1. Might you let me know whether the range 54-66 holds any residue that is surrounded by 10 or more Cβ atoms within 10 Å (Cβ to Cβ), part of a loop (DSSP other than H, G, I, E, B), modelled with pLDDT of 85 or more and touching a strand residue (DSSP E or B) at 6+ places or on another chain (Cβ under 8 Å)?
2. Can you tell me which residue within the range 95-111, out of those that are touching a strand residue (DSSP E or B) at 6+ places or on another chain (Cβ under 7 Å) and part of a loop (DSSP other than H, G, I, E, B), is farthest from residue 62 (Cα to Cα)?
3. What residue, among those in the range 90-119 that are surrounded by fewer than 12 Cβ atoms within 10 Å (Cβ to Cβ) and within 21 Å of the chain's Cα centre (by Cα), is nearest to residue 46 (Cα to Cα)?
4. Select from the range 39-53 the residues that are assigned to a loop (DSSP other than H, G, I, E, B) and touching a helix residue (DSSP H, G or I) at 6+ places or on another chain (Cβ under 9 Å) and list them in ascending order.
5. Show the residue pairs meeting these rules: Cβ distance below 7 Å; 6+ apart or different chains; first residue within the range 63-86 and without any contact (Cβ under 8 Å) to a residue 24 or more places away in the chain and on the phi > 0 side of the Ramachandran plot; second residue surrounded by 15 or more Cβ atoms within 10 Å (Cβ to Cβ) and part of a strand (DSSP E or B).
């Protein structure tokens, strides 16, 4: 299909604006999700706890002596729900947790006791 030259430039401009808009929305969404997270309480907080955020939660490879070329960090904010082991999958999540910190940790943003008969979704 032939597209006249003046229409090509309009299409290019519209496409560029669309890509810019999508990038801005994604950056804003990341910024807002980082603002949602906060440490849960102040139990066993170290002087480095203030530096922890969803943007910098252990981005490095956990075992530098065993680096894999295709490794991808899964650390960051995830939705979670805690139910009983026998309960079905929850319909909705309870909140957000900062991985790699455990549920009980202040830095996870949850700070909740996890029992032997609980399941984490």
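The values are calculated or read from the model by the stated rules, or taken from the named source; none is laboratory data. Owing to the predicted nature of the structure, the values given are computational and were not obtained by experimental measurement. Note that we place each Cβ from the backbone using ideal geometry, even for glycine, and neighbour counts take in every protein chain shown.
1. There is no residue in the range 54-66 that is surrounded by 10 or more Cβ atoms within 10 Å (Cβ to Cβ), part of a loop (DSSP other than H, G, I, E, B), modelled with pLDDT of 85 or more and touching a strand residue (DSSP E or B) at 6+ places or on another chain (Cβ under 8 Å).
2. Step one: of the range 95-111, the residues touching a strand residue (DSSP E or B) at 6+ places or on another chain (Cβ under 7 Å) are 95-99, 103, 107-110.
After this cut, where a residue has to be part of a loop (DSSP other than H, G, I, E, B) as well, the list is 103, 109-110.
Numbers: 103: 19, 109: 21, 110: 23 Å.
Per the criteria, the residue is 110.
3. Narrowing the range 90-119 to residues surrounded by fewer than 12 Cβ atoms within 10 Å (Cβ to Cβ): 91-92, 113, 115-117.
Right, trim to within 21 Å of the chain's Cα centre (by Cα) and you get 91-92.
Working: 91: 36, 92: 33 Å.
Here the answer is 92.
4. Within the range 39-53, the subset assigned to a loop (DSSP other than H, G, I, E, B) is 39-48, 52-53.
Passing the criteria: 39, 40, 41, 42, 43, 44, 45, 52, 53.
5. Close Cβ pairs (under 7 Å, with a partner that is surrounded by 15 or more Cβ atoms within 10 Å (Cβ to Cβ) and part of a strand (DSSP E or B)) amount to 76/99.
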